């Protein structure tokens with residue numbers, strides 16, 4: 001159950017056979033994201049458990065979940081963009097049904113991220129799911 005935006009990333013990854021190219025693509029996705037406003041980079045939006053500085057600002061409008069995010073690390077910004085593609089636009093009630101690990105597994109990310117980065121991705125997913133659950 002992935003969004004169209006996430007499916008596009010999956011297709012891009014299938015086209016890019018070399019992991020170096022995939023890594024660069026993730027970084028480009030992060031660079032293309034609009035930066036999070038400095039006023040939103042506060043303790044309430046900061047994600048604990050990430051080696052880098054990470055902020056997620058969730059929004060629920062008309063029962064539709066989305067979030068903006070930012071990080072001080074380029075690859076992490078890219079991972080935030082991938083998670084945004086996976087979750088943004090879903091009805092709040094469907095957020096918990098997304099098997100993020102399986103969906104991200106389609107990209108092969110778990111094989112190429114450090115343990116710290118993998119923990120950070122898990123922490124972001126936990127935050128996303130908890131915000132959506134509280135709003136559901």
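Please treat every number below as a calculation from the coordinates, not as lab data. It should be emphasised that the depicted structure is a prediction, and the values quoted were computed from it without experimental measurement. No Cβ is skipped: glycine too gets one built from the backbone with ideal geometry, and neighbour counts run over all protein chains shown.
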Give me Rg over Rh for region 1-55, both radii from the alpha carbons and Rh done the Kirkwood way, two decimal places. 1.07
Using per-residue counts of other Cβ atoms within 10 Å, averaged over each peptide, order 67-79, 121-133, 30-42 from highest down. 67-79, 121-133, 30-42
Translational diffusion coefficient (Stokes-Einstein; Kirkwood radius from C-alpha pairs) of the chain at 4 °C, 1.567 mPa s, in µm²/s: 87
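Run the numbers on the chain and let me know its relative contact order in percent, using alpha-carbon pairs under 8 Å that are six or more apart.
Values: 173 pairs, mean separation 38.8, N = 136.
Relative contact order of the chain: 29 percent.
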Take the alpha-carbon centre of region 66-104, take the same for region 2-16, and report the distance between them in whole Å. 13
Please give, to one decimal in nm, the separation of the simple spin-label points placed at residue 134 and residue 59, each 7 Å out from Cα toward the Cβ. 1.8
Which shape class, rounded, prolate or oblate, goes with region 29-84 when its Cα gyration tensor gives a ≥ b ≥ c as root eigenvalues, a/c under 1.5 marks rounded, and past that a/b bigger than b/c marks prolate? oblate
